[in-house]
Amino acid sequence: MPALPPPLSPSLPLLICIADSFLRLTGRRLIAPASDLRAALWESPAVIVAHGTEPDPVFFYGNRAALTAFDMSFADFTRLPSRYSAEPLLREERAAFLARVSRDGFIDDYAGVRISSRGKRFRIEQAVVWNLVDAAGICHGQAATFAQWIPLD
């Protein structure tokens, strides 16, 4: 994987929204304060991903740890509908999960199984999922972060 953020990464306002909405909703910092937000998000040892508000949301960001976990290039990852990164959830579970994020703005106890581009399954636990809402109250999608992933295959 490249050492620097890819040139196709999202605009700085979207990256600011990822970090600021996490802080605003959870009261915690996603990353340490840095003069170069783009590099700090990219270099974070925790996976950080974000998808938009399309009817079938597509990832628009994945940091280096995310690309390692999902075994994908940035270009491929940012064309992936987010639902394809996970094993299918039961409708009731999915509805309850999305309702909690919508109602509370974030959850910090998500666990589930994800799938890499090579079909390898891995479990994530204690993931934080939050709404990407900017200072003006406009929703840009959702983001997630998790520090560890456990191979299942």
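Observations
- Number of residues in region 39-53 that are over 15 Å from the mean Cα position of the chain (by Cα) and among the charged types (D, E, K, R): the value is 0.
- Test result for residue 75, out of contact with any strand residue (DSSP E or B) (no Cβ under 8 Å at 6 or more places or on another chain), exposed (fewer than 12 other Cβ atoms within 10 Å of the Cβ), modelled with pLDDT of 90 or more and over 23 Å from residue 31 (Cα atoms): yes
- Counted as qualifying within region 42-107 are the helices (runs of 4 or more DSSP H) with 3 or more residues that are under 21 Å from residue 133 (Cβ atoms), namely 91-104.
- Residue check, residue 29 assigned to a loop (DSSP other than H, G, I, E, B), surrounded by fewer than 21 Cβ atoms within 10 Å (Cβ to Cβ), in contact with a Leu (Cβ under 8 Å, 6 or more places away or on another chain) and among the basic types (Lys, Arg): yes
- Residue 137, sole failed condition from (1) part of a helix (DSSP H, G or I); (2) closer than 20 Å to residue 22 by Cα: (1)
- Of the residues making up region 112-150, those that are over 22 Å from residue 73 (Cβ atoms), over 13 Å from the mean Cα position of the chain (by Cα) and touching a residue at least 40 places away in the same chain (Cβ under 8 Å) are 133, 134, 135, 139.
- Within region 5-16, residues that are at negative phi have Cβ atoms under 8 Å from residues that are part of a loop (DSSP other than H, G, I, E, B) and at pLDDT below 90 in these pairs: 15/9, counting only partners at least 6 apart in sequence or on another chain.
- Scanning region 110-131 for residues that are of a type outside the set (Lys, Arg), at negative phi and not in a strand (DSSP E or B) yields a total of 2.
The values are calculated or read from the model by the stated rules, or taken from the named source; none is laboratory data. The structure presented is a predicted model; accordingly, all values stated were derived computationally and were not measured. For neighbour counting, all protein chains shown are included, and Cβ atoms are generated from backbone atoms with ideal geometry for every residue, glycine included.
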